[in-house]
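The values are calculated or read from the model by the stated rules, or taken from the named source; none is laboratory data. Keep in mind that this is a model prediction, so the values were computed, not measured. Cβ placement follows ideal geometry from the backbone for every residue including glycine, while neighbour counts extend to all protein chains displayed.
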Amino acid sequence: MEDRFPILIAGDDPVSRTLLEKTLTKAGHEVVSVKDGREALAFFSKRFFPIVFDGQLRFVVSHFSSL
């Protein structure tokens, strides 16, 4: 079984954000896509996202431990 993670995408370019969101959703991940860092912080404060893509569509792996 493959690992699936919730992923948060924050970026001001709607085309890039939508393309990444569709690709990751098709791969089976739950994706939340927001337009800027302010919205990202609001979502991140309510729920943990182990993987976050920032405005430059670089990814950041949040700290978590795997069993």
Residues located in the stretch 11-32, provided they are in contact with a Gly (Cβ under 7 Å, 6 or more places away or on another chain) and at pLDDT below 90: 11, 12
Every residue from the stretch 1-54 that is of a type in the set (Val, Ile, Thr) and touching a Phe, Trp or Tyr at 6+ places or on another chain (Cβ under 8 Å): 7, 9, 32, 34, 51, 52
Quick one: is residue 54 modelled with pLDDT under 90, among the acidic types (Asp, Glu) and surrounded by 14 or more Cβ atoms within 10 Å (Cβ to Cβ)? yes
Members of the stretch 1-48 found to be polar (S, T, N, Q) and surrounded by 13 or more Cβ atoms within 10 Å (Cβ to Cβ), listed by number: 16, 18, 25, 33
